[in-house]
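The values are calculated or read from the model by the stated rules, or taken from the named source; none is laboratory data. Remember, predicted model here, so these are calculated numbers, not experimental data. Methodologically, a virtual Cβ is constructed for each residue, glycine included, from the backbone with ideal geometry; neighbour enumeration extends over all protein chains shown. Just so you know, the surface numbers come from the protein's heavy atoms only, side chains and all, with ligands and any DNA or RNA stripped out. Shrake-Rupley method; radii C 1.70, N 1.55, O 1.52, S 1.80 Å.
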Amino acid sequence: DGGITQSPKYLFRKEGQNVTLSCEQNLNHDAMYWYRQDPGQGLRLIYYSQIVNDFQKGDIAEGYSVSREKKESFPLTVTSAQKNPTAFYLCASSIDEGLAGAREQFFGPGTRLTVL
Amino acid sequence: AQTVTQSQPEMSVQEAETVTLSCTYDTSENNYYLFWYKQPPSRQMILVIRQEAYKQQNATENRFSVNFQKAAKSFSLKISDSQLGDTAMYFCAFRTDKLIFGTGTRLQVFP
């Protein structure tokens, strides 16, 4: 079955530690995205990538980093510079944004990160 | 700036009844896409329905339909014959180059 997987489902981190969230997709999508969700708020875009070896900052990129070495994978690192990292993180993917009508994003199940 | 506003933080409806969730957006673009996503307690985001701005006809997916008013920049979601499984957070989203989400409406369906 095609889809997006995120691991782990729950992640605990001590303050001052970096942590990496995994996102893998087998939908053959070119574009991938990371969102952050906080209670009472909608999803906010952290980073996105439209092609391998290229990515752009979203609205709240400070304290985060990403890589896109493979089409299928788009890991997100939450660094110690992120002041308030406790949140729910969602990964998504879509077909190349340049294609007409190809605008739907498919989401993974999410990772809940808690900083202790 | 492009924004999406959902003015109803919480809604409730009885099973089998109809409920409408409101969404307004602000943009100067003419070509864009609108979506309603559902997030049940599992927190998996699921696409409910989508609408292309260039289409005048309102989108329909089984019990879900939209009322798209482009001039008013309004995109409401109507759920007919509500079911217990419809209980979830519902997010309206707007997209040109980026997908912008509203803050969500929590819908509770009561038996």
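Right, A:Arg44: part of a strand (DSSP E or B), of a type in the set (Lys, Arg) and without any contact (Cβ under 8 Å) to a residue 60 or more places away in the chain or not?
Spelling it out, A:Arg44 is indeed part of a strand (DSSP E or B), of a type in the set (Lys, Arg) and without any contact (Cβ under 8 Å) to a residue 60 or more places away in the chain.
Checking each residue in the range B:1-19 for being more than 20 Å from A:Arg44 (Cα to Cα) and out of contact with any Asp or Glu (no Cβ under 6 Å at 6 or more places or on another chain) picks out B:Glu10, B:Met11, B:Ser12, B:Val13, B:Gln14, B:Glu15, B:Glu17, B:Thr18, B:Val19. Only one entry of A:Gly110, A:Gly63, A:Gly40 meets the criterion of being at positive phi, more than 13 Å from chain B (Cβ to nearest Cβ) and of a type outside the set (S, T, N, Q), and that entry is A:Gly63.
Every residue, every condition in (1) open to solvent by 60 Å² or more (accessible area, probe 1.4 Å); (2) in contact with a helix residue (DSSP H, G or I) (Cβ under 6 Å, 6 or more places away or on another chain); (3) modelled with pLDDT of 95 or more; (4) outside any loop (DSSP other than H, G, I, E, B), yes or no:
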{"residue": "A:Ser22", "(1), (2), (3), (4)": "no, no, yes, yes"}
{"residue": "A:His29", "(1), (2), (3), (4)": "no, no, no, no"}
{"residue": "A:Tyr35", "(1), (2), (3), (4)": "no, no, yes, yes"}
{"residue": "A:Ser49", "(1), (2), (3), (4)": "no, no, no, yes"}
{"residue": "A:Gln56", "(1), (2), (3), (4)": "no, no, no, yes"}
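Note on the range B:24-47: residues that are outside any loop (DSSP other than H, G, I, E, B) and more than 15 Å from B:Arg95 (Cβ to Cβ) total 4.
Taking the conditions exactly as written (facing chain A (nearest Cβ under 10 Å), open to solvent by less than 60 Å² (accessible area, probe 1.4 Å) and more than 11 Å from the chain's Cα centre (by Cα)), does B:Tyr37 satisfy them or not? Here the answer is no, as B:Tyr37 does not meet what is asked.
Scanning the range B:41-56 for residues that are open to solvent by 30 Å² or more (accessible area, probe 1.4 Å) and under 16 Å from B:Asn30 (Cα atoms), we see that the one that is farthest from the other protein chains (Cβ to nearest Cβ) is B:Gln56.
Applying the selection to the range B:76-111, what residues are open to solvent by 40 Å² or more (accessible area, probe 1.4 Å) and touching a helix residue (DSSP H, G or I) at 6+ places or on another chain (Cβ under 9 Å)? If the condition is that a residue be open to solvent by 40 Å² or more (accessible area, probe 1.4 Å) and touching a helix residue (DSSP H, G or I) at 6+ places or on another chain (Cβ under 9 Å), then B:Phe110, B:Pro111 are the ones that fit. Based on this model, can you work out whether B:Thr27 counts as more than 13 Å from every other protein chain (Cβ to nearest Cβ) and within 14 Å of B:Gly102 (Cβ to Cβ)? Yes: the conditions hold for B:Thr27.
Identify all residues within the range B:1-23 that are in a loop (DSSP other than H, G, I, E, B) and more than 18 Å from B:Ala72 (Cβ to Cβ); write none if there are none. Those that are in a loop (DSSP other than H, G, I, E, B) and more than 18 Å from B:Ala72 (Cβ to Cβ): B:Ala1, B:Pro9, B:Glu15, B:Ala16, B:Glu17, B:Thr18.
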